[in-house]
Amino acid sequence: MEKPIENVFPAGARPASSPAGLRLFFKKLAQQKALVFMSVPFLLWLIIFKYLPLWGWVTAFQKYRPAKSFADQQWVGWLNFEMIFKDAAFYQVLRNTLVQSSIKLILGFVTAIALAILLNELRSLLFKRVVQTISYLPHFVSWVVAASIISTTLAPEGIVNVLLLKLGWISTPVLWLGKGEYFWGILGASEVWKDVGWNTIIYLAAITTIDPSQYEAAEIDGANRFQRIWHITMPGLKPVIVILLILNIGNILESGFEPQYLLGNGMTVDYSDNLDIYVLKWGLNLGNYSLATAAGMFKTVVSFILLISANSISKRLGGSRLY
């Protein structure tokens, strides 16, 4: 005689597809109707600006001409993708994108975590607030204004060259934004200056959730400040770091657009152009919308694969994950 199948659901729980499960779902939905109504604008924005535009991906498989209707467009299959992968400029901008994103990722994580820990260790509340305010302010400055400040600072007669000349480290002014090999470093430093304060907010919030009694117990046991940071603060930040790392790996091909476009020029184009600028040039400047769409589609698909892979790896290693 066969054994009856055991109930795999916890007491009181029902599968969502069962009538009882559906009733429970709608009951909870009714209880949280305020939150549901609050989420409606976001869902509408998500559908209108994120999902509906995906229809435009079909142009990547066409020789798209704006004057023609959809039925009259010429279908070319994978031709646009073949053109991209045969274009030497594509691999150059892909290299630039990966390097710029890696610099932004590494510097962004290291500087934000370090600043959050240093702010947490400050005993003067007034000084801590002053430092936080000063570090936050650049985030609210548009990249147009920020690029103007950076360009003025790094100009031949700017404060950087004046200071280096006074110190005797250089004999003639350096054209910082005129040499491609300097661009990646300047971009990384600019990103840190602009966003390090803003990026520390979530780490400071995570630090506040750590039980203060752990620090007190460690201090009683003779742990110095660096030992308390390493053995208490850093483990407490680990879940947040893992989740943010997963999100940033998914955006590894999103190195930005505004700083590269505003700080780059003809002399640094081999180092400043990335995938977004590549799409802009082919789409708007040259009018090849199909090839630009194919390049953008490639970036999105790769980002999605990286996000899923990073989340899967984190799950297997037993760390935090998005879902």
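What the table below lists for this structure:
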quantity: Accessible-area value, M38, 1.4 Å probe, nucleic acids and ligands omitted, Å²; calculated: 140
quantity: Long-range HN-HN contacts of Q62 with modeled amide H, under 5 Å; calculated: V76
quantity: Interchain or long-range residues, amide H under 5 Å from A155's placed H; calculated: none
quantity: Peptides ranked, highest mean first, by Cβ atoms within 10 Å: ranges 22-29, 86-93; calculated: 86-93, 22-29
quantity: 24 Å Cα-Cα threshold exceeded, pairs from K194/K281; K50/K281; K63/K299; K166/K194; calculated: K194/K281; K166/K194
quantity: Inter-part distance where segment 283-311 and segment 84-155 are each reduced to a Cα centre, Å; calculated: 24
quantity: Mean separation of Cα contacts under 8 Å (6+ apart) over length of the chain, as relative contact order %; calculated: 24
quantity: Nearest-0.05 FRET efficiency for N120 and L46, computed from C-beta distance (R0 41 Å); calculated: 0.70
quantity: Rounded to whole Hz, the Karplus (6.51, -1.76, 1.60) HN-Hα couplings of segment 185-190, x for glycine and proline; calculated: x, 5, 5, x, 5, 5
quantity: Mean Cβ count within 10 Å, highest first, over the residues of peptides 178-187, 196-205; calculated: 196-205, 178-187
quantity: Packing rank of 218-224, 308-314, where each peptide gets the mean count of other beta carbons within 10 Å, highest leading; calculated: 308-314, 218-224
quantity: Heavy-atom surface of the chain, accessible at 1.4 Å and reported per residue (Å²); calculated: 64
quantity: Table column - 3J(HN,Hα) (Hz), segment 227-238, Karplus curve with 6.51, -1.76, 1.60, x for Gly and Pro; calculated: 5, 5, 5, 6, 9, 10, 5, 5, x, x, 8, 4
quantity: D72 accessible area, assembled protein chains, probe 1.4 Å, Å²; calculated: 100
quantity: Solvent-accessible area of L122 with every protein chain in place, 1.4 Å probe, in Å² to the nearest 10; calculated: 60
quantity: Heavy-atom accessible area ranking, 1.4 Å probe, most first, across I207, I134; calculated: I134, I207
quantity: Calculated from backbone phi, Karplus (6.51, -1.76, 1.60) coupling profile of segment 138-153 in Hz, x at Gly/Pro; calculated: x, 4, 8, 8, 5, 5, 5, 5, 4, 5, 5, 5, 5, 4, 5, 5
quantity: Solvent-accessible area, 1.4 Å probe, carbon plus sulfur percent, for the chain; calculated: 68
quantity: Around Q73: net Lys/Arg minus Asp/Glu count, Cβ-Cβ under 15 Å; calculated: +2
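The values are calculated or read from the model by the stated rules, or taken from the named source; none is laboratory data. Predicted model only: the values in this text are computed from it and were never measured. Virtual Cβ from ideal backbone geometry, glycine too; neighbours counted across all protein chains shown. Heads up: the accessible areas ignore ligands, DNA and RNA and are worked out on the full protein's heavy atoms, side chains in. Shrake-Rupley method; radii C 1.70, N 1.55, O 1.52, S 1.80 Å.
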